[in-house]
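Have a look at the structure below, then the notes.
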Amino acid sequence: MRKRFYLTTAIDYVNGEPHLGHAYEKIVADVIARARRSLGEEVFFLTGLDEHGQKVQQAALDNGKKPQAYCDELAAVWKAFAKKLNLSNDDFVRTSEPRHQTVVQAILSKLNAAGHFYKAQYRGFYSPKEETFLTEKDRRPDGSFDSSYGQVVELVEDNYYFHLREHQQWLIEHIESHPKIDPQGREFIEPIYRRNEVLAFLKNKALEDLCISRPLARLNWGVPLPFDEQFVTYVWFDALVNYISVPAAQGDPAVLAALKSESRKPKADIELWPADVHVIGKDILKFHAVYWPITLRAIGLPLPKQILVHGWWQKDGQKMSKSTGNVVDPLAVIDEWGVDAFRYYAVRELDIGPDGNWTDAGFAARYKAELADGIGNLLNRSLKMLQSYRAGVVPPRHDELAPQADQVVNDTIAHLRGNQLQAALQRIGTLVTRGNQYVEQSVPFKLAKDPSKAARLDQVLYNLTETCRILAVLLWPFIPTAAEKIYAQLGLDVSPDKMSEAVWGRLNVGHTIGEPAPLFPRKDQPSK
Ligand code: MSP
């Protein structure tokens with residue numbers, strides 16, 4: 001049995017349309033998934049939707065729909081979105097699915113039986129908008145609550161709580177003692193400043209117990225508590241479980257054993273848990289780095305190997321907000337520029353960690369410089385020259401650019417293994433630049449005019465064509481459709497989806513290439 005590289009994204013609330021932030025996270029995860037597959041690993045990539053809770057119940061109500069019908073409609077939109085982004089996910093979870101809910105209930109029953117929960121009365125101020133109780137610390141000096149909490153109401157209610165305090169110390173130790181989980185030196189929580197943030201939080205105050213229920217009177221759109229029908233499960237407890245409910249549904253033996261599930265048959269060939277990477281945004285770090293590990297420990301399952309935390313996008317230096325119209329609609333960008341350009345820009349512009357800023361001008365500039373004039377131009381001029389000077393037939397092997405290509409391949413692989421996607425694209429970009437410089441320096445059109453330079457022209461054309469082939473393999477995880485087009489134009493009828501093909505010299509003498517065509521057409525206005 002072989003453990004798969006198991007990779008997840010946050011599951012999005014289905015209370016609206018997808019925007020740039022959602023798209024970015026899914027693309028980052030998809031690039032990691034494709035890179036691992038290209039490197040020869042078996043991968044299981046999970047994404048999906050978080051359908052329960054107050055926000056979704058409210059959104060359904062506002063639309064005059066029953067929550068399930070509302071979710072079904074929007075789930076179709078979000079699934080289509082995943083396709084549009086060209087995600088290679090292996091499953092798509094919806095938390096309203098029975099396969100998920102049964103696992104949530106099995107876990108609740110197990111933890112309740114083991115004494116992890118207690119019932120208590122709570123009186124406090126509650127923000128329905130943020131689905132959270134507020135404390136005195138959340139008050140402003142004048143006693144009011146910030147307008148971001150919306151209308152705040154006072155509530156008295158019974159609820160179930162999860163004892164957390166006893167877990168605080170081991171969690172601190174786990175985070176501190178897992179700085180290096182593999183030879184690349186990846187941390188349990190990355191980037192390091194996010195790890196430090198969690199440690200500071202855990203060290204500075206006693207953890208408050210987590211309320212894991214909501215009274216039916218307040219919320220009915222959720223998973224019923226198996227041990228008290230007056231309550232549904234708190235949406236975050238429900239949502240986090242998706243990371244193991246899907247492995248359970250897939251037949252992962254470790255998860256099924258922890259749940260003591262007799263209704264499902266373990267499969268020998270699908271070992272998923274523990275997750276290798278949870279890709280999430282910075283706003284949901286506490287749920288993933290505190291509540292989720294504690295829940296897993298209580299269930300008796302190992303912790304995920306890594307929580308990879310990305311930053312937030314702004315547009316034109318402002319928070320994206322539907323009400324002001326300051327949003328980036330990924331579908332509009334994809335329709336205008338193509339999915340590969342969108343994927344490329346998202347990953348190239350913003351490293352995993354810091355916040356980023358989208359500007360349309362920045363997008364257009366990168367498209368022109370790095371896609372149209374960069375890889376697009378290199379491919380097009382190389383193949384056109386091969387076609388006009390050598391009838392599209394590959395000349396004998398020559399290795400002038402091989403050392404540099406080999407270095408770029410090695411560095412790119414190291415970056416991909418460390419999830420350094422931006423650095424990988426930057427490194428790949430140096431090979432594109434080198435290829436274009438090589439054209440300028442070797443001046444093939446002059447060589448073509450002088451029959452005594454025919455051998456030199458052969459050499460130049462081989463180096464250019466083989467560089468383009470290697471680039472297709474390196475770029476495939478990022479821009480799979482464009483990379484496949486490069487291979488097609490090279491007359492290769494396989495996919496560039498294996499990093500093992502990024503070896504100089506695989507392009508054979510005598511091979512005939514296909515039809516050159518612009519890969520990333522220039523968008524400039526035609527000059528008058
Ligand atoms: N449903 C929860 C996650 C549950 S995971 C078990 C949730 N959903 S969300 O739709 O609000 O956010 C989903 C992901 O999108 C989060 O990781 C969040 O950080 C990310 N983003 C939402 N807006 C974003 C930006 N403006 N920029 C980048 N990512 C952002 O939270």
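The values are calculated or read from the model by the stated rules, or taken from the named source; none is laboratory data. Every value quoted in this text rests on a predicted model; they were computed, and no experiment measured them. All Cβ positions, glycine included, derive from the backbone under ideal geometry; neighbour counts span all protein chains shown. Side chains are part of the model used for accessible areas, which takes the heavy atoms of the whole protein and leaves out ligands, DNA and RNA. Shrake-Rupley method; radii C 1.70, N 1.55, O 1.52, S 1.80 Å.
Tabulated results
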{"item": "Sequence ranges 302-311, 47-56, ranked by mean other-Cβ count within 10 angstrom, highest first", "result": "47-56, 302-311"}
{"item": "Only Lys, Arg (+1) and Asp, Glu (-1) charged, at Cβ; region 1-143 dipole about Cα centre in debye", "result": "380 debye"}
{"item": "Cα-based equivalent ellipsoid, region 128-179: semi-axes from gyration tensor eigenvalues, Å", "result": "32, 17, 10"}
{"item": "Per-bin percent of Cα-Cα distances, region 264-377 [5 Å]", "result": "2, 9, 14, 16, 14, 12, 11, 10, 7, 4, 1, 0"}
{"item": "Beta bridge orientation in the chain: antiparallel %, DSSP, nearest 5", "result": "50 percent"}
{"item": "Under the span-like rule (Cα at least 24 Å along the axis, Kyte-Doolittle mean at least 0.5), DSSP H helices of the chain", "result": "454-475"}
{"item": "Options N63, A372, V103, ranked by Cα towards positive dipole end of the chain, top entry (Cβ charges)", "result": "A372"}
{"item": "Region 207-345 - Kirkwood radius from inverse mean 1/r over Cα pairs (Å)", "result": "18.3 Å"}
{"item": "Partners for K83 among lysines (Cα-Cα distance below 20 Å; same-chain residues under 8 apart left out)", "result": "K26, K485"}
{"item": "Rg followed by Dmax, in Å, when region 101-200 is reduced to its Cα trace", "result": "18.7, 53"}
{"item": "Accessible area per residue in Å² at 1.4 Å probe, computed on the chain", "result": "42 Å²"}
{"item": "Pairs of Cα atoms farther than 27 Å apart, region 360-501, %", "result": "20 percent"}
{"item": "Estimated FRET transfer efficiency when R0 is 51 angstrom, pair A69-T430 (beta carbons, to 0.05)", "result": "0.45"}
{"item": "Neighbour net charge for V509 - beta-carbon separation under 14 angstrom, K R +1, D E -1", "result": "+1"}
{"item": "Length-normalised contact order for region 360-501 - Cα pairs under 8 Å, 6+ apart - percent", "result": "26 percent"}
{"item": "Proximal lysines relative to K449, as straight alpha-carbon distance under 25 Å, when same-chain residues fewer than 8 apart are discounted", "result": "K384"}
{"item": "Label point distance in nm, A206-Q387, each placed 7 Å from Cα along Cα→Cβ", "result": "7.5 nm"}
{"item": "P(r) tail fraction, the chain - alpha-carbon pairs more than 29 Å apart, %", "result": "58 percent"}
{"item": "Charge dipole magnitude, Cβ of K and R +1, D and E -1 - region 360-501, Cα centre, debye nearest 20", "result": "320 debye"}
{"item": "Whole-number percent relative contact order across the chain, with pairs defined as alpha carbons under 8 Å at least 6 apart", "result": "16 percent"}
{"item": "Region 10-160 - percent relative contact order, Cα under 8 Å, separation 6 or more", "result": "22 percent"}
{"item": "Region 191-289: GluC sites (Glu not before Pro) in DSSP coil with no more than 14 other Cβ atoms inside 10 Å", "result": "E208, E262"}
{"item": "Options L134, A113, T9, ranked by Cα towards positive dipole end of the chain, top entry (Cβ charges)", "result": "T9"}
{"item": "Förster radius 41 Å - calculated FRET efficiency between Q230 and E17 (Cβ-Cβ, nearest 0.05)", "result": "0.75"}
{"item": "Compactness index (Cα Rg / 2.2 N^0.38 Å), region 274-337", "result": "1.59"}
{"item": "Total formal charge among the other residues, if their Cβ is under 14 angstrom from that of L371, Lys/Arg +1 and Asp/Glu -1", "result": "+1"}
{"item": "Cα-centred dipole magnitude for the chain, charges only on beta-carbon of K, R (+1) and D, E (-1), debye, nearest 20", "result": "980 debye"}
{"item": "Calculated diffusion of region 199-266, Stokes-Einstein form, Kirkwood radius summed over Cα pairs, 4 °C and 1.567 mPa s, µm²/s", "result": "91 µm²/s"}
{"item": "Förster-model FRET efficiency, 25 Å R0, N220 and Y118, C-beta, rounded to 0.05", "result": "0.60"}
